[in-house]
Structures are given as structure tokens and as C-alpha cells.
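Below is one structure, written out as C-alpha cells; comments come after it.
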Amino acid sequence: MSSLRLHPVDIAIVASYLVAMVLLGLYLSRGIRSSRDFFLAGKSLPWWAAGMSLVVSDIGAKDMVGIAGDAYRHGIVMMNYDFIGCIFPVLLAAFLFMPFFWLAGVTTVPEYLGRRYNQSVRTFFAAIWVAFMAATLGTIFVSAAAMFEVLLGWSFWFSVGICVLVVGVYTTLGGLKAVVFTEVLSCIVLTLGAALICIMGLRATGGVAGLRASIESLDWTRHHFDLLPPADHAVYPWPAVLLGLGFVLGPAYWIGNQAIVQRSLGTRSQSAARASYVCCAAIKLVFPLLLVLPGLIALALFHDQLGQPGEHWDGNRVLPLVVAHLLPTGVLGIVIGAFLAGVLSNLESYVNSASTLLVTDVYRPFLRPHATDRECLRVGRWLVGALLVGGGVLSYPIKTRFGSVFEAFQTFLTFFQGPLLALLLLGMLTRRATPWGGMVGMLAGVATAVLLNAAEAWFGVPGGVPFLWSAWWSFVTALVVVLLVSAVTRPHPDERLRGLVCWLPLTGPPPP
């Protein structure tokens, strides 16, 4: 696919956005004196900034490119990632889990698990989260390269290098505060850009009626307008959508994802932590349409060029094709700026959170127990650069292995989100969950997810097991094993669990 020749107006809009992001990030890097400033913004974030940051921490380049590609393949079922997998879990997190984490005084989710169960559980989840975040950085780089190849003619590795450089500058210096306030700007630009794509696309298809008629005329789109496809759907059977997404992946993502949780942990108070999540839920109500509609527009207008999904089909081409063919001068610059907002905000979120996990849950406990705060700040900054480079290295195998970046992201999540949710729920809701129960349940749940994800390759299951079923059954396995092992092993004493189990509140002030 040949690249576009951008009009000077579009170039000026994109350049202005990039300069504004970098300057804002550098300005906010002032006053970073401690690791608490770097990782938690000194607990000074206002609720509205944290809420807008939560939106773009979740929705970024991988979602814009990936959901468009999967909406082309599967239809409006992709809206459920926000309808079922977001709105209710966000409110659950707002009124139960986030205030509780905030009062417990933890910096990371693995830190909470370590205090609730034991150090082995903490270390395991810290390691697996860092591996997941590095892989997620790779999916974001693939998204950026797919778009920049069409719009700017950049090669894959040049696109990756530019993203590493731009994000590395202000994230390394400014920490969470710079990340959050640049993401406020990104949230505004991203929403505007996504809305412009949808408006221009609907004009080109003849409105909703024309869009639907074009899609229904194809012979392989029978379930594209089913919000809950039938139970025999190859990827999204409705029971798996409700159980795997609604009860496992959605809640686990919004309750246990360090890149998400860290924004609320940096707020000024418990009520601000709760308000940030409510703000996020309100904004997210518009995104199911904004993210899915471009994929349907591409299906209606460009199915001859993109073809029918198959073994070598590339879903990452869907959104770039829509942008390249439908957007006029000026609008194109805004949309490219919106896409850059998604790229940069996602990279910022995950690289800062992965650095926080490594310093808090690995470096300090195991390598340098007596490390000074200044040393931790310095190590955290170096790790930002190392993680960006590592994500860049992982991007190419992700590009060649998966049909879309969203598929890659969700597949990575299913390996551990079920066991994570089981340990968080039982750890927070009952004092009877024991350290041995947590450790054995964690291992059993992850092993179940690995076996189910490898069902086609290892056991010859035709088409494999849908990843939403993998998430559900790994959660059930971990839940049952934790309960069984806890029934025959000794729990921590109540005094150890105060502030960690919701029935055992703190009797004094929270930890600093």
C-alpha cells in the first residue's frame, strides 16, 4: 500500500501536537524529588485528571487499530469489551477495590498480594505483569507501525524508534504526573479524532442504513450485527462473552491491572480515587461506538481490497485504509494526532507501571533491600528506557504471529487474569484464604490457562479453545483450588490481615 502525501496543514497539526506533548511532559517533570513523586505523583493527582488518564490508559493505539480490525472480522460483538467488560467492572472497582487499595497504602497490586498471601505470590505476579507489559508495549509499536507505514511511508523499525525516543524523553524525566497530565490532552484529542473518523465514514456509506445493507450483502457476515453471537460462534460464543469477559477479564483488568490501578493510587484521597473511576466510566460510554464503527465502515467500503479474514489476513490494515481514503485535509491531521495520542498514552501508561513494579516488587525486596529513595528513583528512570527497548524488540514477533494487535493483547491477558481475580476476590473478601491456598491456586489457574490456550497445538482441538473460555476456566480452577487448599492449611492471624481484608479494617492510620 503506497503512503500518503500529507498536506502542510496536516503536518503542522501533527507537529504542534507532538511539540505540545513533549513540552507539557518536560514542564511537569519539575519537582520530581523522590520515588513517590515518580511512581505515584506524590499522591497529588486530581480526580478528573486521573479519570481521563484511565480512559486513555485503556484505549490507545492497540485498541483503535485492533478493535477496528476485529470489528471487520466479527462485528458489533466487539462493543462488549466496553459494555460488558468495562462499565460494571469500573463501578465495582470504584466502590469496593480502589478505595480499599488506597487505604491499604500499597504502591502496586503485587505488593497487596504479597502482604495478603506471601512473598512468592507477590514475586510471581510481579514477574508475569512485567512480561505482559513488555509484550503490550510490543503490540502498541505494531499498531503505530501499521498506521505510519500507510500515512507517512515510514518503515516498521523507524516507526518503533521514533515512538521509543518521544515517549522516553518525558516519561523518563516526569514519572506518573507527566504521564497523567499528558494523557488528559490525549483523551481530548483521541475522542475528537475517533468521532471524526466515524462521521466521515458514515457519510461515505450512506448512513447507518447504507452501512448495514452493504455488510449484510456479504455471504460471511451473518452474525456481524449480533451483540451476543450464538453459542457455536468460533471466537465469541455468548456464554463465553458473559462469563469469560463479563465475570473474569473485565473485572480482573480494572481491578488488578497495575497500569490502570496506579492512576487512582496517585490521587489525593480515597474519595478522589473513587471519583476517578466514576469519571472514567462516564467517558467510556461513548467509546463502544467510536472504536467499532470504523471496522464496519471498512467492511462496507473496502471489503474488495481487504478481503475475507483467513489465515494470512492482516487486520492491522483496516483502520489505516479508512483514514487514508476518507479523511480530507485538516481532518487527517487531527486524526493522525489522535492516533499519536493513543500511541503515546498507551506507551506511557505501561512503561511507567512496569518500571514501578520492577522497583517496588523486585529491585527493593530482592536486590537492594536498603536502597535509598534517590537510588530507586534513578533505577526507575533507567528501567523506563530499558522497557521501551525491550518492547520494541518484541514487536516484530507479535506482528508476524497474530491476526490483529487486539487479539494479541487479549490472548496475553487470558494467561493470568483469571487466577489474579480469584486471589484478589478471596484475599479481600475472606480471612480464610491462606498463603498456601493462594500460591497453589495461582499455579493451578495459570497452568489451566496455558493448557487451554495450547489446546489446538498440543491436543489437536480443531480451532482451539476460545480465549474467553480460557479466562473463565482458569478463574474457576484457581478459585476452587484456593478454597480447597485453604480449608486444610493455616491462615494468617487477624492482626496480620488488618487493612487487607474488608471485614478487618485498620485500627490506626494507613501505612505511609
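The values are calculated or read from the model by the stated rules, or taken from the named source; none is laboratory data. Keep in mind the model is a prediction, meaning the values are calculated, not measured. No Cβ is skipped: glycine too gets one built from the backbone with ideal geometry, and neighbour counts run over all protein chains shown.
Residue under question is Ala422, and the condition is that it be over 18 Å from the mean Cα position of the chain (by Cα), surrounded by 24 or more Cβ atoms within 10 Å (Cβ to Cβ), more than 19 Å from Ala131 (Cβ to Cβ) and of a type outside the set (Phe, Trp, Tyr); does it hold? Taking the combined requirement at face value, the residue satisfies it. Of note, Gln305 does not satisfy the criterion of being closer than 30 Å to Leu45 by Cβ and either among the polar types (S, T, N, Q) or touching a His at 6+ places or on another chain (Cβ under 8 Å) (or both).
In the stretch 335-385, what residues are assigned to a helix (DSSP H, G or I) and among the β-branched types (Val, Ile, Thr)? Listed by number, the residues that qualify are Val335, Ile336, Val343, Val351, Thr356, Val359, Thr360, Val362, Val379, Val384. Being among the β-branched types (Val, Ile, Thr) and modelled with pLDDT of 90 or more is a property that holds for Val248.
If I filter the stretch 99-133 down to residues being surrounded by 21 or more Cβ atoms within 10 Å (Cβ to Cβ) and small (Gly, Ala, Ser), which single residue comes out as farthest from Ala422 (Cα to Cα)? By that ranking, first place goes to Ala126.
Whether any residue in the stretch 316-334 is in a loop (DSSP other than H, G, I, E, B), surrounded by 20 or more Cβ atoms within 10 Å (Cβ to Cβ) and on the phi < 0 side of the Ramachandran plot is what I want to check. Scanning the stretch 316-334, I find at least one residue that is in a loop (DSSP other than H, G, I, E, B), surrounded by 20 or more Cβ atoms within 10 Å (Cβ to Cβ) and on the phi < 0 side of the Ramachandran plot, so the answer is yes. Once the stretch 498-507 is narrowed to residues that are in contact (Cβ under 8 Å) with a residue 12 or more places away in the chain and over 30 Å from the mean Cα position of the chain (by Cα), the residue that is nearest to Thr430 (Cα to Cα) is Trp503. Per the listing Gly427, Gly508, the residue uniquely in a helix (DSSP H, G or I) and either at pLDDT below 85 or touching a helix residue (DSSP H, G or I) at 6+ places or on another chain (Cβ under 6 Å) (or both) is Gly427. Among the residues of the stretch 467-505, none is identified as in a loop (DSSP other than H, G, I, E, B) and acidic (Asp, Glu). Being crowded, with 23+ Cβ neighbours inside 10 Å and among the charged types (D, E, K, R) holds for only one residue in Arg222, Arg263, and it is Arg263. Please tell me if Pro89 is farther than 30 Å from His224 by Cβ and in contact (Cβ under 8 Å) with a residue 12 or more places away in the chain. Considered against the rule, which asks whether it is farther than 30 Å from His224 by Cβ and in contact (Cβ under 8 Å) with a residue 12 or more places away in the chain, Pro89 comes out as no. Of the set (1) assigned to a helix (DSSP H, G or I); (2) farther than 20 Å from Ala127 by Cα, all apply to Gly464 but (1). Of the residues making up the stretch 428-458, those that are buried (at least 24 other Cβ atoms within 10 Å of the Cβ) and among the small types (Gly, Ala, Ser) are Ala433, Gly437, Gly438, Gly441, Gly445, Ala449. Of note, Tyr253 does not satisfy the criterion of being of a type outside the set (Val, Ile, Thr), buried (at least 24 other Cβ atoms within 10 Å of the Cβ), more than 21 Å from Phe467 (Cα to Cα) and under 23 Å from the mean Cα position of the chain (by Cα).
Counted as qualifying within the stretch 77-123 are the helices (runs of 4 or more DSSP H) with 3 or more residues that are modelled with pLDDT under 85 and aliphatic (A, V, I, L, M), namely 98-104. Does the stretch 392-424 hold any residues that are more than 22 Å from Ala68 (Cβ to Cβ) and part of a helix (DSSP H, G or I), and which are they? Result: Gly392, Val393, Leu394, Pro397, Gln417, Gly418, Pro419, Leu420, Leu421, Ala422, Leu423, Leu424. Return yes or no: is Ser345 in the same structural domain as Gly114 (by TED's automatic domain parsing), in contact (Cβ under 8 Å) with a residue 12 or more places away in the chain and touching an Asp or Glu at 6+ places or on another chain (Cβ under 6 Å)? So Ser345 passes the test.
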